[in-house]
Amino acid sequence: MNARSVNNYESYAEFYDSWQDSWPESVMTPCVNMLADIAAGRPTLELAVGTGRIALPLSQRGIEVSGVDLSEAMLARLRRKPGADKLSIKLGNMADVPFEGPFGLIYCVASFEYLVTQDDQLRFFANVEKRLATGGSIVIQTIIPNEAIFSNDFRLNRMSDLPSGEDEMASVMLMGVKGDPVAQILDQRIMVLGEKPQVFRHKIRFVWPNELDLLARSAGLSLHARWSNWQRESFGSTSRLVISEYRRA
Ligand SMILES: C[S@@+](CC[C@H](N)C(=O)[O-])C[C@H]1O[C@@H](n2cnc3c(N)ncnc32)[C@H](O)[C@@H]1O
C-alpha cells in the first residue's frame, strides 16, 4: 500500500487551511522563530510542506526555503498564496528527499508519521543525512499518542466545531481512531458533518522518541536537543508533543 492510497490529502486539502491549520499566533510565531534560528540564514527544506503554513512565513524572514509534498491539491493551495513564487516546490515522497541540497536545516512538522512503514522511516533519515550541510540539523515534530492505540474498534478521539460558512450552517469535525499497538498504526477516520458530509482516512505509524532516536542513529545522526513545544519547554514523561533536533554524530 503506498502513502498516497492511505491518506486523503487530495480531498482533505479543501479543509486544511480553514481548521487543521489553526495554530494560534502563540504557536506559529515560536515555531517560525525556532526554525529561523536553527536555519541561521542557510538554505532550508520542509519535508511535507503542505499548504505552506510554516514555509511561507519562514521564507518571509529572508530564508531560501524548498519543499516537497505528496499531494497535488495541497501544493496547488500553496502555489496560490502570496510569496509562494519565492519557494522551490516539488511533488514527491518525502522519504526520497528529492532535492540535492545541501541544506543547513531540514524540518518535518506533523507529517513524519505518514510514512507508515519502518523501512520508509529509515529511508527518510538515510536520505536526509545525505542532504544535510556540514553542521546542519533535521528538526522533526511528532506526537506521543494517547490510549487510542489500544482500541480495536473506532473510538471518538476528537471533536471540534469548524468555522461556519456564509450560510451560517455550522459544521462539526469528528475524528474516530482505531489503533494497532503492535504495528504502531493509528487508523483515523475524519468525518466532517455539515451541509456536505465527508469522510477522510488518514493512517499513521507513530514512533516513541527512543525509536525516533534509533532511526536517526542508523543514519549517523544523533539527538542534539528535544523540546515539548515550540516555546522550547523541556521534554518529559507528560509531554504529548515531541520536537527533536538531530545533527551528524
Ligand atoms: C498535517 S499536513 C502538514 C503540512 C505542513 N507540514 C504543516 O505543518 O502545515 C501533512 C502533509 O503531509 C503530506 N504527506 C503525507 N505523506 C507524505 C509523503 N510520503 N511525502 C510527502 N508528503 C506527504 C500530506 O500531503 C500533507 O500535506
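Under 7 Å between Cβ atoms, at least 6 apart or on separate chains: pull out the pairs that start in segment 92-107 with a residue that is closer than 9 Å to LEU47 by Cβ and open to solvent by 10 Å² or more (accessible area, probe 1.4 Å) and end on any residue that is aromatic (Phe, Trp, Tyr) and more than 8 Å from the ligand (Cβ to nearest atom).
Short answer, once both residue conditions are applied: MET94/PHE124.
Scanning segment 217-233 for residues that are crowded, with 17+ Cβ neighbours inside 10 Å and over 17 Å from the mean Cα position of the chain (by Cα), which turns out farthest from ARG247 (Cα to Cα)?
Step by step, filter segment 217-233, then rank; the result is ALA219.
Any idea which of VAL192, VAL182, VAL199 is open to solvent by less than 20 Å² (accessible area, probe 1.4 Å) and not assigned by TED's automatic domain parsing to the domain that holds LEU115? Let's see the steps before the verdict.
Numbers: VAL182 fails: open to solvent by less than 20 Å² (accessible area, probe 1.4 Å); VAL199 fails: open to solvent by less than 20 Å² (accessible area, probe 1.4 Å).
Residue meeting the stated conditions: VAL192.
With ARG131, ARG158 as the choices, which residue is outside the structural domain of ARG232 (by TED's automatic domain parsing) and under 26 Å from VAL32 (Cβ atoms)? Give the derivation first.
Details: ARG131 fails: outside the structural domain of ARG232 (by TED's automatic domain parsing).
When all the criteria are applied, what remains is ARG158.
Taking into account only those residues within segment 90-106 that are in contact with a Ser or Thr (Cβ under 7 Å, 6 or more places away or on another chain) and assigned to a strand (DSSP E or B), which is farthest from the ligand (Cβ to nearest atom)?
GLY104
Scan (1) β-branched (Val, Ile, Thr); (2) touching a Ser or Thr at 6+ places or on another chain (Cβ under 9 Å); (3) open to solvent by 90 Å² or more (accessible area, probe 1.4 Å) for the single condition VAL207 breaks and write down its number.
Answer for VAL207: the failing condition is (3).
Residues checked against (1) of a type in the set (Phe, Trp, Tyr); (2) within 14 Å of the ligand (Cβ to nearest atom):
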{"site": "GLY52", "(1), (2)": "no, yes"}
{"site": "LEU56", "(1), (2)": "no, yes"}
{"site": "ARG61", "(1), (2)": "no, no"}
{"site": "PHE112", "(1), (2)": "yes, yes"}
{"site": "THR117", "(1), (2)": "no, yes"}
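Considering each residue of segment 39-62, count those that are outside any loop (DSSP other than H, G, I, E, B) and open to solvent by 20 Å² or more (accessible area, probe 1.4 Å), and give that number.
As a first pass, look at segment 39-62 and keep what is outside any loop (DSSP other than H, G, I, E, B): 39, 44-47, 55-60.
Within this subset, residues satisfying the condition of being open to solvent by 20 Å² or more (accessible area, probe 1.4 Å) are 57, 60.
So the answer is 2.
Going by the conditions given, is LEU75 within 12 Å of the ligand (Cβ to nearest atom), at pLDDT 95 or above and surrounded by fewer than 21 Cβ atoms within 10 Å (Cβ to Cβ)?
Values: within 12 Å of the ligand (Cβ to nearest atom): yes; at pLDDT 95 or above: yes; surrounded by fewer than 21 Cβ atoms within 10 Å (Cβ to Cβ): no.
Taking the combined requirement at face value, the residue does not satisfy it.
The values are calculated or read from the model by the stated rules, or taken from the named source; none is laboratory data. Values in this document were obtained by computation on a predicted structure and should not be read as measured data. Note that each Cβ is placed from the backbone with ideal geometry, even for glycine, and that neighbours are counted across all protein chains shown. SASA here: full protein model, heavy atoms, side chains in, ligands and nucleic acids out. Shrake-Rupley method; radii C 1.70, N 1.55, O 1.52, S 1.80 Å.
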